Amino acid sequence: MLMPVASLTPAQIDAMWRIFDRYYSEVSLAQFEADLREKQKVILLLDSGDRSLQGFSSLQMLEGVASGRPFRALFSGDTICEKGYWGSRVLNRRFALHLISEWFRAPSVPLYWFLISKGYKTYLLLTRNFPESWPRRGMEVPAFEREVLDALARRKFGDAWKPKLGILRFRTCQGRLRDDVAPLDAFILDDPDVRFFAERNPNHAQGDELCCLGKVGLRFFGTTLRKYLVPWARSRRSRSAAQGEDRSEAA
């Protein structure tokens, strides 16, 4: 469910905080609420039965100019799901659809997903879903995207941005994943993308964030169609057919 941050109720914000606090440390409720107020929209992941909150992602649309060309970027802030929903694609699908709708609004203006990652799982969402994304193993960041990333990181995070390293390093920790959320063990490090993340952000466990861009365009649209929309449509058709059979048997 996509909704404006301004429309959130105190109960919804409290539920968001309780989920966030289970998975992140060194962040206060005041910090969480201040960060949320900077965002414009939020995607809520609701249980299909009791409609209880099971995850969320906060969003902020940013605009800028790089090399004399305008660009747009959707910055995703706090994003977390309850452990029982880690395999769910619902939040990812809703986020991808929102990106595509924003792209269709102004297809001539480059649009990106701007994210900062202190955990490998967030980074893998980028590499697995965006055919054009940076930083990425075996690829240099194109000049234009490098300028876009620098402009966004400086605007949002000021001196915490370390452009030579490609990371954010804060004087005071702005939050880190709890130790049992996304640990890097030898098995996980067998994945080359995870190894790349660990090499580029060696202090992620202490709260350093890797700054990343994913380009929204035809290639991303094709990936979204194949991974999220086609399976979702097939699933809906299968459920409808099963319900129709049930009604026929009942009759």
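Throughout, read-outs are computed from the coordinates displayed, never taken from laboratory work. Worth saying up front: this structure is predicted, and the values here are computed from it rather than measured. Here the Cβ is made from the backbone with ideal geometry for all residues, glycine too, and neighbour counts use every protein chain on show.
Compare 127, 224, 172 in a GNM of the chain, Cα atoms joined below 10 Å, and give the one with the largest fluctuation.
Checking each option, the largest mean-square fluctuation is seen for 172.
With Kirkwood's inverse mean 1/r over C-alpha pairs for Rh, give me the Rg to Rh ratio of segment 1-54, two decimals please. Before the final figure, lay out the partial values.
Numbers: Rg = 11.3 Å, Rh = 11.8 Å.
Rounded to two decimals, Rg over Rh is 0.96.
Taking neighbour counts of Cβ atoms within 10 Å as a proxy for exposure, in what order, fewest first, do 150, 78 appear? All intermediate terms of the calculation are to be shown ahead of the outcome.
Values: 150 16, 78 19.
In increasing order of surrounding Cβ atoms, one gets 150, 78.
Evaluate the chain: find the radius of gyration of its Cα atoms, find its Kirkwood radius, and give the ratio Rg to Rh. Intermediate results must be reported in sequence, preceding the final value.
Details: Rg = 19.1 Å, Rh = 19.4 Å.
The Rg/Rh ratio comes out at 0.98.
Can you tell me the dipole magnitude for the chain around its Cα centre, using point charges on the Cβ only (Lys, Arg +1; Asp, Glu -1), in Debye to the nearest 20?
So the magnitude is around 720 debye.
How much net charge surrounds residue 144 when only other residues with a Cβ under 15 Å from its Cβ are counted (Lys, Arg +1; Asp, Glu -1)? Kindly include the intermediate steps, with their values, before the conclusion.
Details: positive: 69, 72, 146, 215; negative: 132, 140, 145, 147, 150.
Net of charged neighbours comes to -1.
Run lengths n ≥ 4 of DSSP H only: what is the helix-derived mean residue ellipticity at 222 nm for the chain, with -39500 (n - 2.57) per run over all residues, to the nearest 500? Provide the component values of the computation, followed by the final result.
Values: 8 runs with 102 residues, N = 251.
Helices in the chain give a 222 nm mean residue ellipticity of -13000 deg cm²/dmol.
Rounded to whole Å, give me the distance from the Cα center of segment 28-86 to that of segment 94-159.
With segment 28-86 and segment 94-159 each reduced to a Cα centre, they are spaced 14 Å.
Have a look at 101, 114, 87 and report the one farthest towards the positive end of the charge dipole of segment 52-119, computed about the Cα centre with Cβ charges (Lys/Arg +1, Asp/Glu -1).
The Cα lying farthest towards the positive end belongs to 87.
Can you compute 3J(HN,Hα) from phi for each residue in segment 62-70, using the Karplus curve 6.51 cos²θ - 1.76 cosθ + 1.60 with θ = phi - 60°, rounded to whole Hz and x for Gly and Pro?
Result, rounded to whole Hz: 10, 10, x, 9, 9, 6, x, 10, x.
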